[in-house]
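Heads up: the structure comes next, in structure tokens.
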């Protein structure tokens, strides 16, 4: 797909190159961290299933169809993640009383506690690594990341 863009100045092209490079570094770091975070929840938890689990924790549960839409996965992939999570005792499935064809999926109490503990630990690590940053610098970064994510949207 080709997108028409106005010619860029050399300085703006270099700035965009730097952003692309740093986003690549961040993406790789997030992938590695997802594997580590999954293992912290359960030694057999896969990174992809960890993402599904944290979504369920954040939502307090969801229908399988919601996860298909949220993650852009097919029903089979979502079903495999849910079977994996269920096998590890991290989620429970039940029929949706409003639609017998649909399934509700909820994280177990143990999963909720494990994710909360991991998040507290992660925030503590972030706080330590960014301790020299002012509150305003942290807010500025959060604002720029929000603006960036809104601008790039879905691939």
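The modelled label-to-label distance for the pair residue 73/residue 110, using points 7 Å beyond Cα in the direction of Cβ, is 2.1 nm. Between the Cα long axis of helix 109-129 and the first principal axis of the chain there is an angle of about 20°, rounded to the nearest 10. Rounded to 0.05, the FRET efficiency of the residue 21 and residue 121 pair, given R0 = 41 Å and the Cβ-Cβ distance, is 0.90. Seen from a random direction on average, the alpha-carbon convex hull of the chain projects onto 12.7 square nanometres. Protection proxy ranking, highest mean first, for peptides 78-85, 13-20: 78-85, 13-20, where packing is the per-residue count of other beta-carbon atoms within 10 Å, averaged. If R0 is taken as 25 Å, the Cβ-Cβ distance between residue 35 and residue 58 corresponds to a FRET efficiency of 0.80. Only helices enter this figure: runs of n ≥ 4 DSSP H residues, each worth -39500 (n - 2.57), summed and divided by the residues of the chain, yield -23000 deg cm²/dmol at 222 nm to the nearest 500.
Computed from the coordinates by the stated procedures, all read-outs in this text should not be read as laboratory data. Note that the structure is a prediction, hence the values are computed from the model and not measured. Every residue, glycine as well, gets a Cβ built from its backbone with ideal geometry; the counts of neighbours run over all protein chains shown.
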